Amino acid sequence: MTTNWRPTADWSVLVKRAELMRQVRQFFYKRNVTEVDTHLLSQFGVTDCHLDNLTTEFKYPLPFGNKKLYLQTSPEYAMKRILAAYKQDIYQLSHVVRDDEVGRFHNPEFTLLEWYRVSYDDTQLITEVAELLTELCDAPETRVITYQQAFINYLNIDPLAEGAVAEIKQNLIKRPALSEWMSEETDKDTILQVAFSELIESQFPNDVPMCITEFPQSQAALAKIDKHDARVARRFEFYYRGVELANGYNELTDPAEQRVRFKKDNRWREKHGREAQPEDTHLLAAMEFGLPACSGVALGFDRLLMIVCRAKTIAQVLPFSIDSA
Amino acid sequence: MANYSTSEFKGGLKIMQDGEPCSIVENEMVKPGKGQAFNRVKIRKLISGKVVEKTFKSGESVEGADVIELELSYLYNDGEFWHFMNDETFEQVPADAKAVGEAEKWLVEQDLCTLTLWEGKPINVQPPNFVELEITETDPGLKGDTAGTGGKPATLITGAVVRVPLFVQIGEVIKVDTRSGEYVSRVQK
């Protein structure tokens, strides 16, 4: 058998990859946003219901006693500590690692472009993401609609109305491919997410970036709850050319609420047979000190390159995908 | 039979669905950034031949199907069963009409066919991609369609009917693509 030592990406793609990195840096340089380069190995992981850290054992004694280190799934917590300390606009282009399956859009190790804008609200940051897409991949103007409006437009159901989830569940059960799973599914957010992926996202126009805003509060992740409508959170997602490209928040700054969300995640994890994870005390302490009002977004750099190169799989834009890493 | 988790899904994997053995045609893992991962799967039901789509929650497991594929050579038909033989072990396997299905009209003695066996019993017979068969009946075709637009029908020794060019005659052996049922060429004896 021959060993597959060759790079997965063509040389022309690697050249484009380098060019896109340079364009990203140029984009932020012009806007006076500073590049940071935080750690990959951390004492803490994340509590996210649907994310798992890969971990590793360090051989030597560490000051905090624990030998277990978590490979970061995103630089979010570290960047928020910099934000708390210095209150400056920052961005990062870094490798992150997730204990996830491999797929057309998924490699366990990939590159995230993450940035934070002090005093921006989510609307201002959405505008900036849209500008980045136009500048870097010639995208037309982004279409922005709320999560609620997307459900109404494509499914004719108001997802925030009383009894909506039961109605959506019935709608999903009627589809032969989903019937068996959905008949047994009891998790409200999973039902909403499946409806979103399979019935709504699949109908988005391919050639226009779509930004979905105001996700339900139960899917807030680390976004602030809306001041005027407690049913929704100031979280947004970008979709373009069939790819889920970016996820952003008007950032939660209240440490008490952050603790509540960590605990809620861990309760969910335990209920669904996933180990609860320690809370990142560094992040909580930084938030106690004071995270400035800010918005932040994480964008899949490899997926952006897929769009630029019209690549079918993430492996085609990685120097080496996990299969040959 | 072993169970398979969705993370082991890939093209060609044999699983049970609705009491029927199936083969995975396509598997796509989908994972929303903040949501439950799932697998969009295209499945071919091996008895009915139907292709269906099904979505599995990632981490679920499904029962594997005891399905094997064997290359066997066709021996003869006894009126009820079509008999095939393993050329190495000389073991014989009878397949019924349901398993043979459409393949019947392409079976040539000693040709190697692919048999799909579920729990030891044949459920499908796949003829070779190309077979050579003698023409038993066709119009002399000397006059008429000289523009050569569509050729003419010819009945083969197995009963199959294919369109052939006008110059092909009774008694000749032709090569046919069994996937499309189309004439390929004449075979020199």
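Okay, residues lined up against (1) under 20 Å from residue A:262 (Cα atoms); (2) touching a residue at least 40 places away in the same chain (Cβ under 8 Å):
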residue: A:59; (1), (2): no, no
residue: A:66; (1), (2): no, no
residue: A:87; (1), (2): no, yes
residue: A:93; (1), (2): no, yes
residue: A:99; (1), (2): yes, yes
residue: A:104; (1), (2): no, yes
remark   = Scanning segment B:12-49 for residues that are under 22 Å from residue B:97 (Cβ atoms) and touching an Asp or Glu at 6+ places or on another chain (Cβ under 9 Å), the one nearest to the other protein chains (Cβ to nearest Cβ) turns out to be B:45
request  = Report, by residue number, each residue of segment A:220-234 that is modelled with pLDDT of 95 or more, open to solvent by 10 Å² or more (accessible area, probe 1.4 Å) and within 14 Å of another protein chain (Cβ to nearest Cβ).
outcome  = A:222
task = Taking the options A:178, A:125, A:93, name whichever one is at pLDDT 95 or above, over 16 Å from the mean Cα position of the chain (by Cα), open to solvent by less than 40 Å² (accessible area, probe 1.4 Å) and not β-branched (Val, Ile, Thr).
result = A:178
note = Of (1) assigned to a loop (DSSP other than H, G, I, E, B); (2) buried (at least 21 other Cβ atoms within 10 Å of the Cβ), residue A:140 fails just (2)
query = How about segment A:144-153: which of its residues are of a type outside the set (Gly, Ala, Ser) and either outside any helix (DSSP H, G or I) or surrounded by 17 or more Cβ atoms within 10 Å (Cβ to Cβ) (or both)?
reply = A:144, A:145, A:146, A:147, A:148, A:151
request  = Could you tell me whether any residue of segment B:67-74 is open to solvent by 50 Å² or more (accessible area, probe 1.4 Å) and facing chain A (nearest Cβ under 10 Å)?
outcome  = no
inquiry  = Condition first: modelled with pLDDT of 95 or more, outside any helix (DSSP H, G or I) and more than 25 Å from residue A:110 (Cα to Cα). Can you find one or more residues in segment A:238-252 that meet it?
reply    = yes
Verdict on residue A:249 being within 14 Å of chain B (Cβ to nearest Cβ), aromatic (Phe, Trp, Tyr), under 16 Å from the mean Cα position of the chain (by Cα) and within 22 Å of residue A:155 (Cα to Cα) = no
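Can you pull out the strands (runs of 3 or more DSSP E) entirely within segment B:20-123 that have at least 3 residues that are under 30 Å from residue A:180 (Cα atoms) and in contact (Cβ under 8 Å) with a residue 40 or more places away in the chain?
B:20-30, B:61-63, B:67-77, B:112-118
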remark   = Condition set charged (D, E, K, R) and closer than 21 Å to residue A:91 by Cα, scope segment A:282-325, selection least open to solvent (accessible area, probe 1.4 Å): answer is A:302
inquiry  = Show the residue pairs meeting these rules: Cβ distance below 8 Å; 6+ apart or different chains; first residue within segment B:158-182 and more than 10 Å from residue B:138 (Cβ to Cβ); second residue aromatic (Phe, Trp, Tyr) and open to solvent by less than 30 Å² (accessible area, probe 1.4 Å).
reply    = B:158/B:106; B:160/B:106; B:176/B:106; B:178/B:106
query = From the list A:320, A:301, A:262, A:238, which residue is of a type in the set (Phe, Trp, Tyr) and over 25 Å from residue A:13 (Cα atoms)?
reply = A:262
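Going residue by residue through segment B:171-178, is there one that turns out to be at pLDDT below 90 and not charged (D, E, K, R)?
Within segment B:171-178, not a single residue is at pLDDT below 90 and not charged (D, E, K, R).
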request  = Kindly list the number of the only condition in (1) touching a helix residue (DSSP H, G or I) at 6+ places or on another chain (Cβ under 7 Å); (2) modelled with pLDDT of 95 or more; (3) within 14 Å of chain A (Cβ to nearest Cβ) that fails for residue B:82.
outcome  = (3)
message = Restricting to segment A:195-225, name every residue that is free of Cβ contacts under 8 Å to residues at least 60 places away in the same chain and touching a Pro at 6+ places or on another chain (Cβ under 9 Å).
response = A:195, A:196, A:197, A:201
message = Please count how many residues of segment B:8-19 are surrounded by fewer than 19 Cβ atoms within 10 Å (Cβ to Cβ) and outside any loop (DSSP other than H, G, I, E, B).
response = 3
request  = Select from segment A:253-275 the residues that are in a loop (DSSP other than H, G, I, E, B), within 22 Å of residue A:288 (Cβ to Cβ) and not acidic (Asp, Glu) and list them in ascending order.
outcome  = A:253
Residue selected from segment A:165-176 under the condition touching a residue at least 12 places away in the same chain (Cβ under 8 Å) and not in a loop (DSSP other than H, G, I, E, B), by the criterion nearest to the other protein chains (Cβ to nearest Cβ) = A:172
key: Failed condition for residue A:114, given (1) open to solvent by 60 Å² or more (accessible area, probe 1.4 Å); (2) in contact with a Leu (Cβ under 9 Å, 6 or more places away or on another chain); (3) acidic (Asp, Glu)   = (1)
remark   = In segment A:194-219, anything away from chain B (no Cβ under 13 Å) and assigned to a strand (DSSP E or B) is listed as A:210, A:211, A:213
task = Could you pull out the residue among A:314, A:322 that is more than 20 Å from the chain's Cα centre (by Cα) and more than 27 Å from residue A:185 (Cβ to Cβ)?
result = A:322
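The values are calculated or read from the model by the stated rules, or taken from the named source; none is laboratory data. Computed from a predicted model, the values in this text were never measured in an experiment. For neighbour counting, all protein chains shown are included, and Cβ atoms are generated from backbone atoms with ideal geometry for every residue, glycine included. Heads up: the accessible areas ignore ligands, DNA and RNA and are worked out on the full protein's heavy atoms, side chains in. Shrake-Rupley method; radii C 1.70, N 1.55, O 1.52, S 1.80 Å.
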